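Below you'll find the structure, written out as structure tokens, and then a few comments.
The values are calculated or read from the model by the stated rules, or taken from the named source; none is laboratory data. Quantities reported herein were computed from a predicted structural model and do not represent experimental measurements. Every residue, glycine as well, gets a Cβ built from its backbone with ideal geometry; the counts of neighbours run over all protein chains shown. The protein model used for the area step is the full one, side chains on, heavy atoms only, and it has no ligands, DNA or RNA in it. Shrake-Rupley method; radii C 1.70, N 1.55, O 1.52, S 1.80 Å.
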Amino acid sequence: RAKTAGRNRVRMYEPGMGSESAQRLMLDRDLRAALATGELLLHYQSVVEAVSGQPQGFEALVRWAHPQQGLISPGQFIPVAEETGLIVPMGTWVLGEACRQAAAWQGRGQALTMSVNVSARQFEQPDFVAIVRDALAESGLDPRLLILELTERVVLRNPDAAVVLLHDLRALGIRIALDDFGTGYSSLGLLKTLPIDVLKIDRSFVQGDRAEVMVGAIVSLAHAFGLTVIAEGVETAEQLALVQALHCNGVQGYLFARPGPAHEVMPL
Ligand code: C2E
Ligand code: MG
Ligand code: MG
Ligand code: MG
């Protein structure tokens with residue numbers, strides 16, 4: 001396929017291009033180089049207040065500006081980075097870069113939150129709290145503007161350790177969001193015991209069948225535990241009306257904005 005696609009459209013990390021393990025090796029090698037040479041970049045997607053539509057912050061989403069393939073989305077390389085452990089230095093870079101950008105906006109008088117995705121391997125690093133503390137200190141970002149996003153899957157790997165760690169992270173003054181809520185092995189017990197602040201409803205519930213039942217139930221539960229709720233994947237006016245009626249606090253989705261580079265999402 002690569003041949004017929006032509007020289008400028010080489011497609012590398014695809015099935016049919018050698019054994020799967022050989023592909024992973026190649027991707028891992030190129031990804032390491034990409035991190036070292038600055039081919040990784042962040043796009044930002046706004047999170048808006050549900051009722052007013054006012055921007056309350058952004059989520060940082062990593063991209064790989066591949067010299068041949070163009071912009072590669074995280075779904076294509078994060079799983080491999082998680083497997084090989086490269087996600088740890090990559091995640092540290094993402095955190096630092098996102099904090100620097102948020103601090104720059106803070107310096108322009110914009111108190112916008114910055115949400116950063118954290119994967120299991122990062123969360124399980126013994127010095128993870130120190131890494132976050134350093135990113136805050138080096139950027140000068142107000143800790144109250146930083147939100148770390150974790151999935152249930154990550155937390156459930158070791159819930160007892162997670163509770164301790166989340167307490168330590170919140171002691172820095174930052175907030176914690178549970179991402180893609182409802183897609184993992186969610187347990188209601190988790191919501192009761194986890195020291196978290198925000199719950200993000202996965203877009204499959206916002207866009208799926210019986211959205212009013214699913215979203216309504218999740219919002220009630222989250223609010224009962226004092227959590228703020230963000231609806232992900234809002235693409236249509238109908239979906240927006242629904243999540244507003246169901247009292248979601250924040251909204252994220254293509255209806256408002258697609259992820260983009262900093263200068264596009266927040267022009268001077
Ligand atoms: P996520 O954290 O749940 O991020 C939301 C994803 O949904 C993003 O995809 C975003 O572009 C997409 N999205 C937002 N609004 C809409 C919408 O209205 N419709 C649809 N169909 N999609 C929407 P993206 O950027 O491809 O990221 C995918 C996932 O990759 C993220 O899901 C997150 O789990 C992971 N990821 C992204 N950046 C990082 C990172 O820096 N570190 C780690 N560990 N994971 C990351
Ligand atoms: Mg996220
Ligand atoms: Mg999500
Ligand atoms: Mg997701």
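Quick test for you: out of Val219, Val243, Val215, Val251, pick the one residue that is under 28 Å from Arg108 (Cα atoms), out of contact with any Asp or Glu (no Cβ under 7 Å at 6 or more places or on another chain), surrounded by 14 or more Cβ atoms within 10 Å (Cβ to Cβ) and β-branched (Val, Ile, Thr). Explain how you work it out, then say what you get.
On the way: Val219 fails: under 28 Å from Arg108 (Cα atoms); Val243 fails: under 28 Å from Arg108 (Cα atoms); Val215 fails: under 28 Å from Arg108 (Cα atoms).
On inspection, the qualifying residue turns out to be Val251.
What about Leu165, is it modelled with pLDDT under 95 and outside any loop (DSSP other than H, G, I, E, B)?
Here the answer is no, as Leu165 does not meet what is asked.
For the condition of a type outside the set (A, V, I, L, M, F, W, C) and not in a helix (DSSP H, G or I), what is the one hit in Gln101, Gln68, Gln106, Gln122? Step through it out loud before you land on a result.
Details: Gln101 fails: not in a helix (DSSP H, G or I); Gln106 fails: not in a helix (DSSP H, G or I); Gln122 fails: not in a helix (DSSP H, G or I).
The conditions single out Gln68.
Checking Gly226 against (1) touching a residue at least 24 places away in the same chain (Cβ under 8 Å); (2) surrounded by fewer than 21 Cβ atoms within 10 Å (Cβ to Cβ), which single condition isn't satisfied?
(1)
Could you grab the pairs with beta carbons closer than 7 Å, sequence gap of 6+ or different chains, first residue in region 170-183 and under 15 Å from Leu227 (Cα atoms), second one more than 16 Å from ligand 3 (Cβ to nearest atom) and open to solvent by 30 Å² or more (accessible area, probe 1.4 Å)?
Sorted first by the residue in region 170-183, then by its partner, the pairs are Ile174/Pro143; Ile176/Arg170.
Among the residues of region 1-55, count how many are surrounded by 10 or more Cβ atoms within 10 Å (Cβ to Cβ), among the hydroxyl-bearing types (Ser, Thr, Tyr) and either under 20 Å from Ala65 (Cβ atoms) or at pLDDT below 70 (or both).
Going through region 1-55 one residue at a time, the tally reaches 2.
Listed here are the residues, each with its yes/no results for (1) within 18 Å of the chain's Cα centre (by Cα); (2) more than 16 Å from ligand 4 (Cβ to nearest atom); (3) polar (S, T, N, Q).
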site: Arg29; (1), (2), (3): no, yes, no
site: Glu39; (1), (2), (3): no, yes, no
site: Pro55; (1), (2), (3): yes, yes, no
site: Glu59; (1), (2), (3): yes, no, no
site: Arg63; (1), (2), (3): yes, no, no
site: Gln69; (1), (2), (3): no, yes, yes
site: Gly75; (1), (2), (3): yes, no, no
site: Val80; (1), (2), (3): yes, yes, no
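Among Gly189, Gly184, Gly233, Gly226, which is more than 16 Å from ligand 3 (Cβ to nearest atom), under 24 Å from Phe58 (Cα atoms) and either at pLDDT below 95 or not in a helix (DSSP H, G or I) (or both)? Can you show your working first?
Working: Gly189 fails: under 24 Å from Phe58 (Cα atoms); Gly184 fails: more than 16 Å from ligand 3 (Cβ to nearest atom); Gly233 fails: more than 16 Å from ligand 3 (Cβ to nearest atom).
Only one candidate passes the filter, namely Gly226.
Restricting to region 254-268, count the residues that are at pLDDT below 95 and touching a Phe, Trp or Tyr at 6+ places or on another chain (Cβ under 7 Å).
Initially, region 254-268 is screened for residues at pLDDT below 95, giving 266-268.
Next cut, touching a Phe, Trp or Tyr at 6+ places or on another chain (Cβ under 7 Å) only: 266.
Matching residues across region 254-268 total 1.
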